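Heads up: the structure comes next, in structure tokens.
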There are 2 protein chains.
Amino acid sequence: VLRAGAERWVWTVDGSVEGVHFDRRWLSLEDVGWRSFQAAASDLAAMGARPIAALCNLALPESTSRSELAALARGQAAAARALRCPIAGGNLSRSRELAVTTTLLGRAARPILRSGARPGDELWLIGDVGLARAGLLALERGVRVGPALRAAVAAWRRPRALVTRGLGLVGRARALLDVSDGLGGDLGHLAEASGVRAIVERARIEHALPRTLARAARALGVEALDLALAGGEDYALLAAGPAKLRPRFARTIGRIERGRGAWLEGARGERVRLGPGFDHLAGITCTPPASRRRAKRRSRSR
Amino acid sequence: VLRAGAERWVWTVDGSVEGVHFDRRWLSLEDVGWRSFQAAASDLAAMGARPIAALCNLALPESTSRSELAALARGQAAAARALRCPIAGGNLSRSRELAVTTTLLGRAARPILRSGARPGDELWLIGDVGLARAGLLALERGVRVGPALRAAVAAWRRPRALVTRGLGLVGRARALLDVSDGLGGDLGHLAEASGVRAIVERARIEHALPRTLARAARALGVEALDLALAGGEDYALLAAGPAKLRPRFARTIGRIERGRGAWLEGARGERVRLGPGFDHLAGITCTPPASRRRAKRRSRSR
């Protein structure tokens, strides 16, 4: 967060690397451009900031053709238009693997941090979570993408940063972040930064999950709740704030208490600890080796 | 250039990719951190801007150790301190090859563009050019780095963005850029952007070259002038402005005329066209294949 005259500007940088963040078997280059831009913009949404402009650094293999570059740029441009965030410039260089690094500036009257949650706050979910994970799972398994999975694959290929929702939370939410690593893990970040305990109530989150997710879960033979808790790449928002300030578009999925950590609470009050390692699907997917090892290391080191 | 309240902010992004921009046989990871940061900061120097802050995106191979990461960060931090530009944050991800992307914001009362040169202006060189190229040539050839080449290798390994000089040109220079691709090529950019002809006078530039460059050129058996015209990674500044506003630290190496292109003018008025393809050393170095192909493509397409 920077002081720019009387304003506060929010600044972020995010990288998408082939083989780590995306796999071209399952994404067109237009998708790659779109996703990398939306992922970076989600960092602004997560602070209640309005995009000002973006710069993009493209590292391209020697083999990249003009039409491939054009497709990548088309995806970026479409995302930039959808978010009303002009791409003001950038840089091009060679590399062995395709990588897109996007930096964005945004304007925030009062940036919302992840550290402001207080005991007594409600826990809000804005947007859907789990669908993108279902889409990735379907692609990894190579199953036929029928009607039940179409929305899931689209959610993974074409996520949307919830910038307008983020702006709508200013003056309402006391803490905010975007779900990029998985709801369980990111909720742990919110709890840690705020020095509180975050409780997801099972009945409430199950009620908040969309029908498309239930259908996708059935088609994949997994639990919708597992998809929701482990899924990250939908770029939903997770907020904490007082009940009386809850906006209409936010669904309450739990509450903030004194204490530590992120927990899932069942109907009889029984609790399971959530965290970056909480991923019931990790064993059954065929995630590329690099990201699976990464996930493991993460759960070990935290 | 962004309007930030009553101020103008300048924003840049730059990438350094292993095997394209640097080779770890010849650079420590501390050097890689230092160079990538200085290269990005040079874009601010080239507009007469004072750094505000930086964000860094690191893409690291799985094999990167903690101590390697620490060395890279140490180099970045040393450069950031030298330039009084705090690193405010960033992003980490995996990748197959090491890549550092740096984005900087700077403040500029009146940003100097490359498009303001006018016929009648002098052409100024600020800082040294050619030494870094000599250093790279020495390393590529694997020659012993004796006293004659030590300054050259240091210039290549530890360049310095001329931020203070850039600030000293505000209100004096009408056009400014940094020499990152080679003096000949970058002068072509200045001439094109300004819609003028830029003339380097041979006697003047030879007079402006430092003794260390002459010594390094002798040790390598090449012409000092060729090193100066082809060399880029010193991050010298090239400016155009009226004679009466020339600051003490700027050396006049030529002039701006009506016309087009960048030219080298000999003692009897004979002219040779300069440009990105003007590199007498290209044939005799053993540049890594990737960058050599890149250089070729560039000279063909322009």
Can you give the Rg to Rh ratio for the range B:25-86, taking only C-alpha atoms and Rh from Kirkwood?
1.01
How far, in whole Å, is the nearest Cβ of chain B from the axis relating it by rotation to chain A, and which residue carries it?
B:5, 1
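Could you tell me which trypsin sites (Lys or Arg not before Pro) in the range A:77-108 are loop residues by DSSP with no more than 13 other beta carbons within 10 angstrom of their beta carbon?
Hits after loop and neighbour filter: A:84.
Listing B:222, A:17, B:179 from the residue with the fewest other Cβ atoms within 10 Å to the one with the most, what is the order? Please report the intermediate quantities before stating the final value.
Details: B:222 20, A:17 24, B:179 28.
Least to most surrounded, the residues fall as B:222, A:17, B:179.
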Using the 7 Å Cα-to-Cβ label point, sort the distances from residue A:62 to its equivalents in the other copies shortest first and give them in nm to one decimal.
2.5
Label-to-label distances across copies for residue B:92, with labels 7 Å out along Cα→Cβ, in nm, shortest first?
3.3
Test of understanding: ordering B:141, A:35, A:144 by Cβ neighbours within 10 Å, fewest first, what list do you get?
A:144, B:141, A:35
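Given a Förster distance of 35 angstrom, what is the FRET efficiency for residue A:53 paired with residue B:70, based on the Cβ-Cβ distance and rounded to 0.05? Show your work: numbers first, answer last.
Working: r = 33 Å, r/R0 = 0.96.
The computed FRET efficiency comes out at 0.55.
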Taking the Kirkwood radius as the inverse of the mean 1/r across Cα pairs, report the Rg/Rh of the range A:1-146.
1.03
Taking only Cα atoms of the range B:112-213, what ratio of Rg to Rh do you get with Rh as the Kirkwood inverse-distance radius?
1.02
DSSP-loop GluC sites (Glu not before Pro) across the range A:62-129, with at most 13 other Cβ within 10 angstrom
A:62
In nm, what is the difference between 0.36 nm times the number of residues separating residue A:245 and residue A:167 and their Cα-Cα distance?
26.7 nm
Taking a label point 7 Å out from Cα toward Cβ, give me the nm distances from residue A:243 to the same spot in the other copies, shortest first, one decimal.
8.2
Calculate how many DSSP beta bridges within the range B:11-170 are antiparallel, expressed in % of all such bridges and rounded to the nearest 5.
65
With 10 angstrom as the radius, rank A:237, A:125, B:113 by how many other C-beta atoms surround their C-beta, starting from the fewest.
B:113, A:125, A:237
Assuming R0 = 30 Å, can you tell me the calculated FRET efficiency for the pair residue A:92 and residue B:115, based on Cβ-Cβ distance, to the nearest 0.05?
0.90
Distribution output for chain A: share of Cα-Cα pairs per 10 Å bin in percent, first bin at 0, values 6, 28, 35, 24, 6, 1
How long, wide and thick is the range B:92-156, going by the Cα atoms along their three principal axes, in whole angstroms, largest first?
45, 40, 17
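In percent, what relative contact order does the range B:1-158 have, based on Cα pairs under 8 Å that are 6 or more apart in sequence?
Relative contact order here is 30 percent.
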With a Förster radius of 41 Å, plug the Cβ-Cβ distance of residue A:1 and residue B:268 into 1/(1 + (r/R0)^6) and report the FRET value to the nearest 0.05.
0.10
One would report the Cα pair-distance distribution of the protein assembly as shown, bin width 10 Å, in %, as 3, 16, 24, 24, 15, 10, 6, 2, 0, 0
Defining a contact as two alpha carbons under 8 Å apart and six or more residues distant in sequence, what relative contact order in percent does chain A show?
23
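For the range A:166-228, calculate the relative contact order in percent as a whole number, restricting contacts to Cα pairs under 8 Å that are 6 or more residues apart.
Computed over the range A:166-228, the figure is 21 percent.
Every number here is computed from the coordinates shown, using simple stated rules; none is lab data. What you see is a predicted model; the values in this text were computed from it and never measured. Here Cβ is always computed from backbone atoms with ideal geometry, including for glycine, and neighbour counts include all displayed protein chains.
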